[in-house]
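These notes concern the structure reproduced below.
The values are calculated or read from the model by the stated rules, or taken from the named source; none is laboratory data. Computed from a prediction, not measured in an experiment: that's the story for all the values here. Glycine also receives a Cβ, built like all others from the backbone with ideal geometry; neighbour counts cover every protein chain displayed. Accessible surface areas use protein heavy atoms only, side chains included; no ligands, DNA or RNA. Shrake-Rupley method; radii C 1.70, N 1.55, O 1.52, S 1.80 Å.
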Amino acid sequence: MNAIEISGLSKTFKGKRFTRVEALKNLSLTVGQGEIFGFLGPNGAGKSTTIKTLMGLIEPSAGSACIMGIDISSPKARRRVGYLPENPAFYDYLSAEEYLAFVGTTFGLDPELLAKRSEEVLKQLELWEARKRPMRSYSKGMVQRVGLGQVLIHDPDVCILDEPMSGLDPVGRALVKEIMLDLKKRGKCVFFSTHIIADVESVCDRVGIILKGELQSVERVEDIMTRGVVGYYLTLRDSGGGTTELYVPKDELSGALASVRDQGGEVTLIEPRRKSLEDFFLDIIKGRNG
Amino acid sequence: MFDIVRITVKGIFRDRVFHGILMAALLLPLIPSISQLSMRQVTELSVTLSLSLISFILLLLAVFLGGTSLWKDMERRYTFSVLSLPITRTTYLLGRFFGVALFLLITAAVLGFVASVVVTIVAGNFPPDRPVVWNNIYLCVLFDAFKYILLLAVAVLFSTVSTSFFLPIFGTISAFLVGSASQQVYDYVHSSSGQVLSPLVRQAATALYYVLPNFSAFDLKVNAIYGVPLSTGGIVLTVCYLVVYAAVLLSVAAIIFSKREMK
């Protein structure tokens, strides 16, 4: 069973002066269990609309979607999901501890397990010291971490995160990546949207690129990186012991290696030069726009 | 739903609006002194002032807490996280409603207790001609709370259709004013002096009387102040009216809210 199955999902909003805005066009996508899926796209591409539709916050105009086999129209579909909204806000009169207790109780956690999980999560997210303070006194980064806390409190099978790195400092971002990789290790599915391509590169198994409401491409990050090799940097040591660096286009590597060997040189290092995921992303955007 | 009710009550206790409105309750201890301005009916005046102050405080709470509860959640984007929990929107809406309703009942109970202390003090110093009928006073406070719970349902309904706080607040105040006067208007148009009005106006007034909530049905102040016996049938009918009317309002609110896009 796939963790997330989206089939022909479309969403049209009513715009001003009787216009209609197609925010999502026939989106189909599956995300497996134990997979980290990055959902990439420029502002207004439809990332948040997709996520809000999955979470039942927006009703789709057409199509359907299931989370862990349960149709999203039922609140039961959200039982095994942890969701972090974009720029999250929580009842600011509650403390982080109270809010996690509220979320945990809603998910039916028994009090003993809830207390244990709450302590673990608050410590993991470095909120333990501030746990009793009302959230109105928290910084943006701390609120974001509470958001991650309420995602993790009930140990969901599917984590849907809308811009999870937003508002976090580098340490916080590293922590989020660590959490994502840990979730994957434990067989959980992580579906997250982001603008930050480096984050996708470092943690994702697959990436989906959405533009103007249409899914443009779904690729394995590893494949993009392999396909994206355009050449190699060779570090050579000549017979005199000196080192030089040489750039060789992708197709000329074999010839270059043979040539170095013939000349009595030694290749000490081969480093691929690849088009980054950013280049791949920009190529798609430019191709679509131009 | 209980979790939503609990955090709603907790939120109100920590809300600045509640703290501000609570300041009005500080006037209750002044009532014994103010009541002495009446030379003859000191106790009756103390009962009147106490019940009116309680009613005013409950009105403010129902309008401001009821009118802003849902709106604030949407405005501050709390709904994104709460509605993504495995609960239905109806559960959330009813949780918010019952949270504020419970709070109104708690406030009514506390203020009713303080008022009974105030009236006891006044009655001890200025014995009234008629004995104070405590049951009537307690029932009057309870039915006042019921009245504002019905008004709260109106406020919740307005909140589900509005994107600003203007409609929930001012719509609720308007509904309260109209609903408090509808009985008098109905009585007038059906009296002999009301016959001078055109049939269309009389029919419109009658239709509005049946459609709009009738808040004057909950007013037991005269019974409380003068110890006039209460009709059991009337009380049961009023409770049934509250239950049915609030259920209709909340059902409509739930349908509208379930369709609302959380963009």
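Values for this structure:
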| item | result |
| --- | --- |
| Number of the exception - residue A:149 against (1) within 18 Å of residue A:113 (Cβ to Cβ); (2) out of contact with any helix residue (DSSP H, G or I) (no Cβ under 7 Å at 6 or more places or on another chain); (3) not hydroxyl-bearing (Ser, Thr, Tyr) | (2) |
| Members of region A:61-85 found to be open to solvent by 40 Å² or more (accessible area, probe 1.4 Å) and more than 8 Å from chain B (Cβ to nearest Cβ), listed by number | A:61, A:62, A:63, A:64, A:69, A:70, A:71, A:73, A:80 |
| Residue within region B:64-78 that is free of Cβ contacts under 8 Å to residues at least 12 places away in the same chain, of a type outside the set (Phe, Trp, Tyr) and touching a Lys or Arg at 6+ places or on another chain (Cβ under 7 Å) present | no |
| Qualifying residue in region B:213-222 (condition: modelled with pLDDT of 85 or more and either open to solvent by 60 Å² or more (accessible area, probe 1.4 Å) or within 14 Å of chain A (Cβ to nearest Cβ) (or both)) | yes |
| Filtered residues of region B:29-52 (kept if surrounded by fewer than 17 Cβ atoms within 10 Å (Cβ to Cβ) and hydrophobic (A, V, I, L, M, F, W, C)) | B:30, B:34, B:37, B:39 |
| Selection within region B:79-105 - without any contact (Cβ under 8 Å) to a residue 60 or more places away in the chain and more than 14 Å from every other protein chain (Cβ to nearest Cβ) | B:101, B:104, B:105 |
| Residue under evaluation residue B:25, criteria (1) surrounded by fewer than 20 Cβ atoms within 10 Å (Cβ to Cβ); (2) within 30 Å of residue B:254 (Cα to Cα), criterion not met | (2) |
| Helices (runs of 4 or more DSSP H) contained in region B:21-107 and holding at least 1 residues in contact with a Cys (Cβ under 9 Å, 6 or more places away or on another chain) | B:42-75 |
| Every residue from region A:107-122 that is at the interface with another protein chain (Cβ under 9 Å from one of its Cβ atoms) and within 26 Å of the chain's Cα centre (by Cα) | A:107 |
| Count - residues of region A:86-106 that are within 11 Å of chain B (Cβ to nearest Cβ), in contact (Cβ under 8 Å) with a residue 24 or more places away in the chain and in contact with a helix residue (DSSP H, G or I) (Cβ under 7 Å, 6 or more places away or on another chain) | 12 |
| Single condition residue A:130 does not satisfy, out of (1) more than 22 Å from residue A:78 (Cα to Cα); (2) open to solvent by 30 Å² or more (accessible area, probe 1.4 Å) | (2) |
| Filtered residue count, region A:201-242, keeping only those that are over 23 Å from residue A:268 (Cβ atoms) and outside any loop (DSSP other than H, G, I, E, B) | 23 |
| Filter pass, residue A:208 being without any contact (Cβ under 8 Å) to a residue 60 or more places away in the chain and surrounded by 17 or more Cβ atoms within 10 Å (Cβ to Cβ) | no |
| Within region A:248-270, considering residues that are touching a Leu at 6+ places or on another chain (Cβ under 8 Å) and assigned to a strand (DSSP E or B), the one surrounded by the fewest Cβ atoms within 10 Å (Cβ to Cβ) | A:268 |
| Every residue from region B:53-78 that is more than 13 Å from chain A (Cβ to nearest Cβ) and open to solvent by 30 Å² or more (accessible area, probe 1.4 Å) | B:56, B:59, B:60, B:64, B:71 |
| Answer from B:209, B:188 - the residue that is within 20 Å of the chain's Cα centre (by Cα) and either hydroxyl-bearing (Ser, Thr, Tyr) or not in a helix (DSSP H, G or I) (or both) | B:209 |
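This table checks each residue for (1) modelled with pLDDT of 80 or more; (2) not charged (D, E, K, R).
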site	(1), (2)
A:214	yes, no
A:221	no, yes
A:248	yes, yes
A:256	yes, yes
A:272	no, yes
